[in-house]
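Engineer: Take this structure first; my questions come after.
The values are calculated or read from the model by the stated rules, or taken from the named source; none is laboratory data. Every value quoted in this text rests on a predicted model; they were computed, and no experiment measured them. Cβ: placed from backbone, ideal geometry, glycine included. Neighbour counts: every protein chain shown.
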Amino acid sequence: MLFQVGHDASVSVAQGNGNGQPVSLDSLRTKFLPFLAAIWVNTNSIVVGGHTLTPMMFKVNPKNDGIKLESLGRLEANEQKKEQGGMSAMKRFQSLDRHAKVVSEEVSSCSRKF
């Protein structure tokens with residue numbers, strides 16, 4: 001089997017039987033940005049990558065009259081935890097901001113007492 005990724009965000013797969021029979025061909029055009037590279041990860045799965053910076057997986061399924069290319073979706077590594085150590089970056093900065101406001105209020109109230 002051979003595959004090709006296109007600059008039009010398409011993936012094409014061709015399979016020859018070697019028996020003088022016609023070549024099976026299937027192509028799938030996606031709505032993503034163009035692909036630049038691809039690699040076989042096993043005998044019927046391809047991982048492609050491109051301008052979206054997120055690899056995508058495709059599966060080649062044999063059919064009676066040829067092959068069928070199917071998109072399995074994006075490969076995202078267990079989406080990184082937004083909260084590490086129990087606090088997200090946003091919450092941490094909000095906490096620091098609140099703490100700074102409290103400290104500044106305490107300082108200003110202390111300066112009024114003198």
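Engineer: Restricting attention to the range 1-19, which residues are closer than 17 Å to Lys68 by Cα and touching a strand residue (DSSP E or B) at 6+ places or on another chain (Cβ under 7 Å)? Explain how you work it out, then say what you get.
Structural biologist: Step one: of the range 1-19, the residues closer than 17 Å to Lys68 by Cα are 1-5, 10-17.
Scanning the range 1-19 gives Met1, Leu2, Phe3, Gln4, Val5, Ser10, Val11, Ser12, Val13, Ala14, Gln15.
Engineer: Consider the range 20-42. How many of its residues are under 19 Å from Asn64 (Cβ atoms) and assigned to a loop (DSSP other than H, G, I, E, B)?
Structural biologist: Selection size over the range 20-42: 4.
Engineer: If you don't mind, there's one more thing I want to ask. If you take the residues of the range 66-101 that are among the polar types (S, T, N, Q) and either surrounded by 12 or more Cβ atoms within 10 Å (Cβ to Cβ) or at pLDDT 80 or above (or both), which of them is nearest to Leu53 (Cα to Cα)?
Structural biologist: Ser71
Engineer: Of the residues that make up the range 33-42, is at least one farther than 20 Å from Arg74 by Cβ and either more than 20 Å from the chain's Cα centre (by Cα) or surrounded by 16 or more Cβ atoms within 10 Å (Cβ to Cβ) (or both)?
Structural biologist: no
Engineer: Taking the stated definitions as given, is Thr30 of a type in the set (S, T, N, Q), loosely packed, with under 11 Cβ neighbours inside 10 Å and modelled with pLDDT of 85 or more?
Structural biologist: On the way: of a type in the set (S, T, N, Q): yes; loosely packed, with under 11 Cβ neighbours inside 10 Å: no; modelled with pLDDT of 85 or more: yes.
When the stated conditions are applied, Thr30 does not pass them.
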